[in-house]
Amino acid sequence: MIMPQRMTKARIIVPKTQLERAVKELHSSRVLHIHEHEKAELDIGEPFENAEKLSELLVLIRSLQSHLRTEHNLKTGHGQPDITYVEKSIRKLHNEVTDKNEKLKKLEEDLKRMTQLQADLQCIAKIGLPLESYSGYQNLSCITGTCKSMDKAKRELHRETDKFRIFEPEDKSAFALFINKENRQKAFEILSNNGFTEIPTESFSGMKGSPEIHAQRIVKEIRLAEGEREKTKQELKKLKHNWQQSLASFEKSISQELEIAQAPLKFGSTRNIAVITGWVPTSSMISLKKRLEKAASGKIYIREEEFDEEEAPVKLHNIKPARPFEFLMHLRGLPVYNEIDPTIILFLTFPIFFGFMLGDIGYGMVTLALSLLIRAKMEKAKNLATILALASASSILFGFVFGEFFGEENLLGMELPRLMSRAHEEGIQQLLVASLILGAVHINIGLLAGFYNELKHHGLKQAILEKFSWFLIEAGGPFILASLGIIKIMQPYLTISLSLLIAGVVMLAIGEMRTGTIGAFKAIVESITIFSNILSYARLMAVGLASVQLAIIINEFAKESFHQGGFSVVIGIIILLLGHVLNIVLGLLGSFLHSLRLEYVEFFTKFFIGGAKPYKPFGENTTR
Amino acid sequence: MAETGLIAIGAGLAIGISAIGAALAEKEIGSAAIGAMAEKDEFFGKGLLMTVIPETLVIFGLVIAIMILGLAKGG
């Protein structure tokens with residue numbers, strides 16, 4: 001419980017004739033964390049022959065899922081569909097979907113083109129010329145479009161040449177300019193400088209007669225195409241509806257098959273045998289052995305091996321109520337195999353810190369309800385919600401300690417009983433002392449854990465030098481407090497305290513000599529951090545105090561509005577609601593992050609190394 | 001009475017300036033941490049850890065502020 005799950009490193013040797021059955025058994029037993037074979041004296045194994053086909057199928061299925069935009073998290077069945085059936089139906093569906101998607105794409109393009117053409121034609125129509133008159137000349141060229149400052153453009157054109165003619169409707173919303181072919185380039189430049197947007201005459205070349213009639217025809221065509229587009233979309237939606245369930249279960253079963261088929265890539269192999277290396281929780285070793293022997297009809301050899309503890313995968317192993325807190329360990333990085341797993345201490349201390357900061361019966365009840373709701377509704381956030389629920393329960397408990405209900409100290413005319421008062425000045429000092437005591441206890445637990453880790457890794461001498469020395473430095477605390485004038489102590493004790501402090505710092509420096517002279521020097525400078533770490537727990541008081549004061553201010557404002565009566569009562573209710581919601585959100589975030597920080601920064605740094613790779617047994621991802 | 005006012009201002013400055021210092025430091029670290037998290041989610045724990053380290057400054061400010069306020073009562 002204090003350490004991660006004990007592991008056994010197993011080497012499994014199996015003839016290739018039995019390999020597939022053995023791998024299937026391994027996959028369904030979900031206990032072996034495969035150690036990937038690296039090419040050395042043994043070659044890397046080859047995947048089973050169906051692997052290529054399976055991965056092709058999987059790509060098809062996933063592309064279909066993304067094309068059809070199927071929903072995620074669909075419930076899938078447990079049946080094992082026939083691969084040939086899956087392949088046949090998937091290929092058929094894929095063709096159908098590809099056709100429809102292509103059709104849709106073409107329709108979109110057509111629609112875009114037609115909409116533009118229709119707009120152009122309507123613009124041109126105002127000029128009043130028939131369409132055939134825009135093209136088909138030997139020496140003349142026609143430019144059509146819109147121009148922001150037409151008059152200026154005209155003047156500039158006149159300076160160049162007189163041989164042109166412009167047709168414009170009365171509202172001057174468009175124009176058609178006829179000009180000699182050799183002057184076309186020049187005219188273009190002049191127009192471009194005056195805010196010209198071209199309507200290319202090529203887009204309606206070949207059309208004759210009134211532009212309006214063509215525009216009307218195109219409007220009809222657009223409507224037809226839109227109808228077609230809608231129909232295709234509906235068809236795709238229907239396909240999605242009919243197939244998404246099957247697609248999800250195909251995806252699941254094919255990826256499972258593929259995982260099995262590709263597994264030999266992680267094994268060592270010779271011509272006739274395969275060698276599988278991996279870690280199994282020691283408690284599951286015997287049953288795995290039995291299962292594998294049965295599956296391979298006895299033609300299998302399993303050996304337990306010595307291993308380097310630093311490279312073993314880590315599976316946390318805690319009592320059930322503490323398990324949600326493993327989430328916080330994953331967030332920080334798992335402890336390595338041979339160090340203490342602090343999950344249980346997180347379980348014991350995190351809610352206390354949270355409750356100490358957000359200690360209010362009312363707020364606790366609100367956050368408890370909220371976290372229970374999240375826990376019931378969101379499967380993914382279940383661990384986090386459970387942590388929050390426990391923390392909220394502790395908030396309610398601390399609410400009784402501080403005697404607060406939504407920042408009020410009186411409830412229905414009765415004063416709430418309390419041990420400490422956060423709302424009054426005399427309580428603050430007590431609160432600060434309580435925070436620091438909590439901090440000192442927490443940090444000393446961390447130092448003890450560090451002592452244990454160091455003892456296991458580097459022996460008693462290092463443990464005493466590097467970790468026990470901190471206790472001596474702590475014993476120097478009274479001397480520091482006395483020299484700051486905060487407390488007064490008698491002479492012999494003062495000297496004892498000082499000498500313990502010096503002894504501690506010297507021991508720490510000697511201990512850190514292991515990492516060189518700089519390490520030793522750093523240790524001397526950093527020896528003071530133990531006090532700043534403990535002082536850092538003052539945030540337990542500070543965050544809580546801020547939350548309470550805000551709550552009191554909200555209540556005062558609301559009370560004032562209630563006293564005024566009339567419409568102000570409504571405003572008072574709004575102030576109460578908005579204010580407390582805001583304060584709860586702030587309190588929730590602040591208390592959570594600050595508690596987490598105390599654990600990660602102040603506590604973990606005393607003993608924690610972390611960064612181990614998590615235990616991921618073969619078959620875990622797909623068989624659920 | 002005037003002294004009490006000065007003491008209060010002193011306490012305010014102690015916590016206010018230390019908070020500005022911490023905020024400046026956290027701004028730099030926070031943006032770097034978010035950058036790292038965008039690359040790799042696993043950096044959340046380490047990112048949070050690094051980001052909140054300067055907060056200790058505010059705590060020191062707070063303790064000093066409380067000590068200064070203690071002067072007001074003594075005097």
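The values are calculated or read from the model by the stated rules, or taken from the named source; none is laboratory data. Keep in mind the model is a prediction, meaning the values are calculated, not measured. So basically every Cβ, Gly included, is an ideal-geometry build from the backbone, and we count neighbours across all protein chains shown.
Key figures
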{"item": "Residue under evaluation B:L13, criteria (1) within 14 Å of chain A (Cβ to nearest Cβ); (2) free of Cβ contacts under 8 Å to residues at least 60 places away in the same chain; (3) aliphatic (A, V, I, L, M), criterion not met", "result": "(1)"}
{"item": "Test set (1) in contact with a Phe, Trp or Tyr (Cβ under 6 Å, 6 or more places away or on another chain); (2) under 15 Å from A:S591 (Cβ atoms); (3) in a helix (DSSP H, G or I) - A:L390 fails condition number", "result": "(1)"}
{"item": "Test: residue in segment A:316-329 that is out of contact with any strand residue (DSSP E or B) (no Cβ under 7 Å at 6 or more places or on another chain) and more than 21 Å from A:G610 (Cα to Cα)", "result": "yes"}
{"item": "Residue in segment A:215-223 that is surrounded by 13 or more Cβ atoms within 10 Å (Cβ to Cβ) and closer than 30 Å to A:V97 by Cβ present", "result": "yes"}
{"item": "Long-range neighbours under 9 Å by Cβ, at least six apart or interchain, first residue in the same structural domain as A:I464 (by TED's automatic domain parsing) and farther than 30 Å from A:A263 by Cα within segment A:589-618, second among the acidic types (D, E) and surrounded by fewer than 22 Cβ atoms within 10 Å (Cβ to Cβ)", "result": "A:H594/B:E55; A:R597/B:E55; A:V601/B:E55"}
{"item": "Only one of A:L370, A:L358 that is under 20 Å from A:E599 (Cα atoms) and either in contact with an Asp or Glu (Cβ under 8 Å, 6 or more places away or on another chain) or away from every other protein chain (no Cβ under 14 Å) (or both)", "result": "A:L358"}
{"item": "Candidate set: segment A:17-43, residues that are closer than 18 Å to A:L258 by Cα and touching a strand residue (DSSP E or B) at 6+ places or on another chain (Cβ under 7 Å); chosen: the one surrounded by the fewest Cβ atoms within 10 Å (Cβ to Cβ)", "result": "A:I34"}
{"item": "Qualifying residue in segment A:82-89 (condition: part of a loop (DSSP other than H, G, I, E, B) and among the basic types (K, R))", "result": "no"}
{"item": "Residue list for segment B:49-75, filter: assigned to a helix (DSSP H, G or I) and more than 16 Å from A:S536 (Cα to Cα)", "result": "B:I68, B:L69, B:G70, B:L71, B:A72, B:K73, B:G74"}
{"item": "Selection count where residues are hydrophobic (A, V, I, L, M, F, W, C), more than 20 Å from A:R30 (Cβ to Cβ) and crowded, with 16+ Cβ neighbours inside 10 Å, scope segment A:309-345", "result": "10"}
{"item": "Members of segment A:556-583 found to be touching a Gly at 6+ places or on another chain (Cβ under 9 Å) and either within 14 Å of chain B (Cβ to nearest Cβ) or buried (at least 19 other Cβ atoms within 10 Å of the Cβ) (or both), listed by number", "result": "A:A558, A:S561, A:H580, A:N583"}
{"item": "Hits in segment A:584-609 - residues which are surrounded by fewer than 18 Cβ atoms within 10 Å (Cβ to Cβ) and at the interface with another protein chain (Cβ under 10 Å from one of its Cβ atoms)", "result": "A:L593, A:T605"}
{"item": "Subset of segment A:441-490 (residues that are touching a residue at least 12 places away in the same chain (Cβ under 8 Å) and either at positive phi or not in a helix (DSSP H, G or I) (or both))", "result": "A:G476"}
{"item": "Which listed residue, of A:L593, A:L582, A:L589, A:L545, is at pLDDT 90 or above and more than 30 Å from A:V280 (Cα to Cα)", "result": "A:L582"}
{"item": "Segment B:58-70, residues that are at the interface with chain A (Cβ under 7 Å from one of its Cβ atoms) and in contact with a Lys or Arg (Cβ under 9 Å, 6 or more places away or on another chain)", "result": "B:I59, B:L62"}
{"item": "Qualifying residue in segment A:91-104 (condition: at pLDDT 90 or above, surrounded by 13 or more Cβ atoms within 10 Å (Cβ to Cβ) and hydroxyl-bearing (S, T, Y))", "result": "yes"}
{"item": "Flag for A:E512 being modelled with pLDDT under 85 and buried (at least 17 other Cβ atoms within 10 Å of the Cβ)", "result": "yes"}
{"item": "Segment A:162-204, residues that are closer than 23 Å to A:N139 by Cβ, out of contact with any Phe, Trp or Tyr (no Cβ under 8 Å at 6 or more places or on another chain) and part of a loop (DSSP other than H, G, I, E, B)", "result": "A:D162, A:K163, A:I199, A:P200"}
{"item": "Hits in segment A:315-351 - residues which are of a type in the set (D, E, K, R) and within 17 Å of A:N383 (Cα to Cα)", "result": "A:K315, A:K320, A:R323, A:E326, A:R332"}
{"item": "Matching option when the condition is assigned to a helix (DSSP H, G or I) and either within 14 Å of chain B (Cβ to nearest Cβ) or of a type in the set (S, T, N, Q) (or both), among A:M329, A:M365", "result": "A:M329"}
{"item": "Residues (in a helix (DSSP H, G or I) and exposed (fewer than 14 other Cβ atoms within 10 Å of the Cβ)) located in segment A:57-80", "result": "A:V59, A:S63, A:S66"}
{"item": "A:T115 being surrounded by 12 or more Cβ atoms within 10 Å (Cβ to Cβ) and not in a loop (DSSP other than H, G, I, E, B)", "result": "yes"}
{"item": "Positions within segment B:27-57 being more than 8 Å from chain A (Cβ to nearest Cβ), in contact with a Ser or Thr (Cβ under 6 Å, 6 or more places away or on another chain) and closer than 19 Å to A:S595 by Cα, in sequence order", "result": "B:G30, B:L57"}
{"item": "Residue check for A:D341: touching a residue at least 24 places away in the same chain (Cβ under 8 Å), under 24 Å from A:K616 (Cα atoms), more than 14 Å from chain B (Cβ to nearest Cβ) and among the charged types (D, E, K, R)", "result": "yes"}
{"item": "B:A36 modelled with pLDDT of 80 or more, in contact with a Phe, Trp or Tyr (Cβ under 9 Å, 6 or more places away or on another chain) and either part of a helix (DSSP H, G or I) or among the hydroxyl-bearing types (S, T, Y) (or both)", "result": "yes"}
{"item": "Hits in segment A:266-284 (condition: buried (at least 16 other Cβ atoms within 10 Å of the Cβ) and either assigned to a helix (DSSP H, G or I) or not polar (S, T, N, Q) (or both))", "result": "A:K266, A:F267, A:G268, A:I273, A:A274, A:V275, A:I276, A:G278, A:W279, A:V280, A:P281, A:S284"}
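Here's the yes/no breakdown for (1) without any contact (Cβ under 8 Å) to a residue 24 or more places away in the chain; (2) under 18 Å from A:R539 (Cα atoms); (3) assigned by TED's automatic domain parsing to the domain that holds A:N555; (4) crowded, with 16+ Cβ neighbours inside 10 Å:
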site: A:V366; (1), (2), (3), (4): no, no, yes, yes
site: A:A369; (1), (2), (3), (4): yes, no, yes, no
site: A:K380; (1), (2), (3), (4): yes, no, yes, no
site: A:A389; (1), (2), (3), (4): yes, no, yes, yes
site: A:N410; (1), (2), (3), (4): yes, no, yes, no
site: A:M414; (1), (2), (3), (4): yes, no, yes, no
site: A:M420; (1), (2), (3), (4): yes, yes, yes, yes
